[in-house]
Amino acid sequence: MFDTVARRYDLTNDLMTAGIQRSWRRSMVDAVAPQPGDLVLDLAAGTGCSSEPFFDRGATAVPCDFSVGMLQQGKKDRPTLPFVAGDGTRLPFLDDTFDAVTISYGLRNFVDPVAGLREMLRVTRPGGRLVVCEFSTPTNGALRSVYMDGFMRALPAIASLTASAADAYVYLAESIRAWPDQAGLAELVAEAGWQRPEWRNLTGGIVALHRATA
């Protein structure tokens, strides 16, 4: 499914979020707080647009994704990034490799999110950090109703303006509706063994940043 939307994936994301996803990405990088020389695993990185800002901070990011189509498009668009194909529940990295692990809008797609979170913990050095940027549940009732009932229904039609396979965005809307709220995801993070999980809402809770420590 993701292979089919890779060519215009970045453009479609900008369209669907009216460009707000760029500020979400900046907030995600700030939450990771990369230091010069850090090695960061950017999981479910797609075409690598989420990985580039880490290099600007002096860190090295390894974009990893299950979709070979996404990686191929990313290599065309960003040939200098060290793309790696990998299954998030069986990561192709040694224990205690990374200073930080981050995943944006990808944990929902794991067949077993807790297993994925445990793998992220395995490859993170003691004291390292996890940042999950994921669609969540708006805290305001009116916004929640408009977002869940209105925008989610319109999402495939909006995506069809640029996406090569708009049906994939039907899945996107359904997966967001079925995803746990902020407290529910924090419980999954703790269940996987991460310490001190916490979250911060962005854009009224449409997206939430979850952070924890190895």
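The values are calculated or read from the model by the stated rules, or taken from the named source; none is laboratory data. Remember, predicted model here, so these are calculated numbers, not experimental data. When we count neighbours, we look across all protein chains shown, and the Cβ atoms used for this are built from the backbone with ideal geometry, even at glycine.
Here are some notes:
Results for (1) touching a residue at least 40 places away in the same chain (Cβ under 8 Å); (2) of a type in the set (D, E), shown as yes or no for each residue.
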position: A44; (1), (2): yes, no
position: S51; (1), (2): no, no
position: G58; (1), (2): no, no
position: P79; (1), (2): no, no
position: F93; (1), (2): yes, no
position: D99; (1), (2): yes, yes
position: T102; (1), (2): yes, no
position: R108; (1), (2): yes, no
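- Helices (runs of 4 or more DSSP H) within the stretch 29-131 that include 1 or more residues among the β-branched types (V, I, T) and over 26 Å from E198 (Cβ atoms): 68-77
- Only one entry in D30, D38 is of a type outside the set (F, W, Y), within 16 Å of C133 (Cα to Cα) and at pLDDT 95 or above, namely D30.
- Residues satisfying the criterion are present in the stretch 105-125 (criterion: more than 26 Å from W179 (Cα to Cα) and among the basic types (K, R)).
- Entry remark, the stretch 110-127: residues being among the small types (G, A, S) and either without any contact (Cβ under 8 Å) to a residue 12 or more places away in the chain or closer than 25 Å to Q21 by Cα (or both) number 1 in total.
- Test: residue in the stretch 143-150 that is in a helix (DSSP H, G or I), at negative phi, modelled with pLDDT under 95 and aromatic (F, W, Y): yes
- Within the set V101, V32, the sole residue that is surrounded by 15 or more Cβ atoms within 10 Å (Cβ to Cβ), under 12 Å from the mean Cα position of the chain (by Cα) and aliphatic (A, V, I, L, M) turns out to be V101.
- For the stretch 69-98, a residue qualifies if it is closer than 24 Å to G127 by Cα, in contact with a Cys (Cβ under 9 Å, 6 or more places away or on another chain) and exposed (fewer than 14 other Cβ atoms within 10 Å of the Cβ), and exactly one does: P92.
- Whichever residue in the stretch 184-203 is assigned to a helix (DSSP H, G or I) and either among the β-branched types (V, I, T) or within 16 Å of the chain's Cα centre (by Cα) (or both) and, among such residues, is farthest from W24 (Cα to Cα): L188
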